[in-house]
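Trainee: Pasting in a structure now, in structure tokens, and then I'll have a few things to ask.
Read-outs throughout are calculated quantities, based only on the coordinates presented, and are distinct from any laboratory measurement. Owing to the predicted nature of the structure, the values given are computational and were not obtained by experimental measurement. With ideal geometry, Cβ positions are generated from the backbone for all residues, glycine too; neighbour counts draw on all protein chains shown.
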Amino acid sequence: MIEFKIEEVNAYRRHIHFSVEAELVSNSLSEAYDDLKKNARIQGFRKGHVPTRILKKRFWRGVHADVAQKLVQQGYEKVDIKELEVVSQPSIEGQLPELKEGAAFEFIIGVDVRPHVSVDNYKGIEVVYPTAEATEEEVNANIDRQLAGKKRIVEVEDTSATVGDGDYALLALVLTDENGEEVVNEPGTMFHMGNNKFYTGLEKHVAGMKAGESKSEEVTITEDSNFEHLRNKTFSANIELKQIQRMSAPELSDELAVEMGYESVEDMKGKVAADISSSKEENLKNQARVQILQHLVEHNEFEVPQAMVEEQLRALMNELRMQQMYMGRNPDDVQFSDAQIRDLSTRAVFAAKAACLLGSVNDLEGLKVTDEDIEAKLEELAVSQGQTVEAIKQYINMEQASDMLSERVQEEKTLNWLLEQAVRLDAPKEAPIEASADESAVEESTESASTAVSMSNSKAELIEVAESLGLSTSGKNKSQLLEAINAAQG
């Protein structure tokens with residue numbers, strides 16, 4: 001039998017004292033020697049028939065170390081680390097005692113747990129969170145951008161129009177060299193103002209012409225021309241502008257709106273306004289969340305476990321590496337300077353404290369994650385990733401990311417609850433004249449808060465849930481415990 005008791009060292013450190021009864025120690029050693037006997041090869045003895053006393057004499061040190069490892073592992077597996085809220089890898093406290101046959105085996109494992117903070121001032125937090133509305137200018141600008149995607153080249157019918165940059169000029173062009181010989185005779189060539197690769201040097205003469213106008217000029221073709229035989233040579237040019245064409249967006253109409261996927265112009269404007277308002281609302285909501293986290297951290301002082309800080313630091317680094325990967329860079333090549341590490345460490349401390357505070361608020365208010373919450377998040381992930389809900393579930397199960405997803409949903413639910421309890425302001429309150437603040441400190445705090453919100457939100461995205469594997473606060477990585485045991489044994 002293995003018994004254990006948990007000792008509270010400080011707000012976040014726990015020592016787990018284990019006691020393995022002597023009978024289990026003896027039985028475990030006997031089993032180990034029986035397994036060794038099956039394969040041991042010692043001169044003078046047949047395989048499987050080496051006496052146990054010989055095995056003990058030769059191999060006792062290795063057998064005792066292996067059994068000690070096994071018993072430590074068995075003991076730690078009895079602890080409900082999820083309920084204990086372990087946030088660090090387990091470590092053997094001090095030197096692992098020597099295993100002795102017929103005697104009890106006692107050892108201590110140390111872990112960091114999420115501190116339960118006595119949170120103050122978490123209800124009624126004032127946040128700047130104005131109503132999000134799309135302006136007429138924003139709606140028109142959005143529609144203009146959509147119409148720009150339907151631009152096409154059309155003939156300019158206005159006879160007073162002149163050729164400008166970006167226009168297409170249909171020219172009749174004749175170039176004659178100094179000997180009077182026609183080198184070029186183009187009855188109809190399309191000349192793109194500002195982007196012509198052939199008759200370079202002609203632009204300044206074509207600019208400002210009207211359709212039907214003709215002129216004779218001396219033209220020097222520049223060395224940028226794709227026509228090698230014309231480069232850096234001067235010619236007499238006869239230019240006739242037959243037609244001006246330019247890119248033109250179509251006029252918005254009900255017919256065009258239907259073609260673009262709307263029911264009418266009115267429907268288009270309404271849906272564009274709704275999309276803009278929704279986007280602005282999400283941005284304002286995230287900014288309000290930032291303000292809430294800032295308030296909580298500023299008004300609740302406590303010491304955060306280093307393991308949580310290191311976890312958040314790794315998560316921040318991984319997030320930056322993922323961003324580089326999206327930009328086409330190899331994430332393994334990303335290096336961080338000392339200044340970047342210091343900056344990220346500051347943000348990691350903030351994020352770790354924010355996570356603890358959100359957990360404590362959740363404890364106080366009993367905000368439980370339901371199956372409906374998980375399903376809603378899975379549907380959100382499916383939409384954002386362009387996948388089915390079943391595909392998302394399969395992926396999360398395959399990556400064993402269910403606990404991580406639940407943690408992120410829990411954080412988001414708690415943060416949204418705090419936002420519901422907050423006092424919304426349309427604009428910041430005027431600070432008292434005597435009040436002052438170090439601008440750089442405020443800016444750093446804001447960036448840290450933004451990072452914490454980003455981690456709470458963006459990590460719920462599927463790719464980041466996968467990237468977060470191994471960074472979970474659940475502390476379930478048993479292989480790390482074996483490394484700790486080996487280190488303790490020297």
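Trainee: If you take the C-alpha gyration tensor of segment 152-248, multiply each eigenvalue by 5 and take the square root, what semi-axes do you get, largest first, in whole Å?
Mentor: Working: eigenvalues 110, 40, 21 Å².
After diagonalising the Cα gyration tensor, the semi-axes are 23, 14, 10 Å.
Trainee: Cβ neighbours within 10 Å, averaged per peptide: list 228-240, 156-168 in order, most packed at the top.
Mentor: On the way: 228-240: 16.1, 156-168: 13.7.
My ranking of the peptides, most packed first, is 228-240, 156-168.
Trainee: Cβ neighbours within 10 Å, averaged per peptide: list 115-122, 333-340, 410-417 in order, most packed at the top. Walk me through the numbers before you get to the answer.
Mentor: Numbers: 115-122: 16.0, 333-340: 9.8, 410-417: 19.2.
Highest to lowest by the protection proxy: 410-417, 115-122, 333-340.
Trainee: Under the √(5λ) rule applied to the eigenvalues of the Cα gyration tensor, what semi-axes describe the equivalent ellipsoid of segment 94-208? Give them in Å, descending. Present the calculation step by step, with values, prior to reporting the outcome.
Mentor: Numbers: eigenvalues 1288, 205, 29 Å².
The three semi-axes for segment 94-208 are 80, 32, 12 Å.
Trainee: If packing is taken as the average number of other Cβ atoms within 10 Å across a peptide's residues, how do 374-382, 214-222 rank, most packed first?
Mentor: Result, highest mean first: 374-382, 214-222.
Trainee: With each pseudo-label sitting 7 Å past Cα toward Cβ, what's the ALA249-THR162 distance in nm, one decimal?
Mentor: Calculated label separation equals 2.6 nm.
Trainee: Let me ask something else. Amide H of VAL113 versus every other amide H placed in the peptide plane: which residues, excluding those fewer than 5 positions away on the same chain, fall under 5 Å?
Mentor: Under 5 Å from the amide H of VAL113 lie the amide H atoms of ARG13, ARG14, VAL87, each far enough along the sequence or on another chain.
Trainee: Follow-up. Once amide H atoms are built 1.01 Å from N in the peptide plane, which residues 5 or more positions from VAL183, or in another chain, come under 5 Å H to H?
Mentor: Long-range HN contacts for VAL183: LEU175, THR176, ASP177.
Trainee: When the expected Rg is taken as 2.2 N^0.38 Å, what fraction or multiple of it is the alpha-carbon Rg of segment 35-79?
Mentor: Numbers: Rg = 13.6 Å, N = 45, 2.2 N^0.38 = 9.3 Å.
Ratio of Rg to 2.2 N^0.38 Å for segment 35-79: 1.45.
Trainee: Ignoring everything except DSSP H segments at least 4 long, calculate the 222 nm mean residue ellipticity for the chain; use -39,500 (n - 2.57) per segment, divide by total residues, nearest 500.
Mentor: -16000 deg cm²/dmol
Trainee: Any number yet on Rg/Rh for segment 1-141, C-alpha, Kirkwood? Write out the running numbers ahead of the final one.
Mentor: Working: Rg = 27.4 Å, Rh = 19.6 Å.
A ratio of 1.40.
Trainee: Before anything else, pin down the relative contact order of the chain: Cα pairs under 8 Å, at least 6 apart, normalised by residue count, whole percent.
Mentor: It rounds to 19 percent for the chain.
Trainee: Still on this structure, please answer the following. What is the total of Lys pairs in segment 197-337 with C-alpha atoms under 16 Å apart, excluding same-chain pairs fewer than 8 positions apart? Mind dumping the intermediate values first?
Mentor: Details: LYS197/LYS233; LYS204/LYS215; LYS210/LYS242; LYS215/LYS242; LYS271/LYS280.
Counting lysine pairs in segment 197-337 gives 5.
Trainee: Write down the Å³ per residue value for the convex hull defined by the alpha carbon atoms of the chain. Please report the intermediate quantities before stating the final value.
Mentor: Values: hull volume 150.8 nm³, N = 490.
Dividing the Cα hull volume of the chain by its residue count gives 308 Å³.
Trainee: Full-extension gain between GLU8 and GLU399, please, as 0.36 nm times their residue separation minus the C-alpha to C-alpha distance. Could you put the intermediate results ahead of the total?
Mentor: Numbers: separation 391, 0.36 × 391 = 140.76 nm, distance 3.36 nm.
Gain on stretching GLU8 to GLU399: 137.4 nm.
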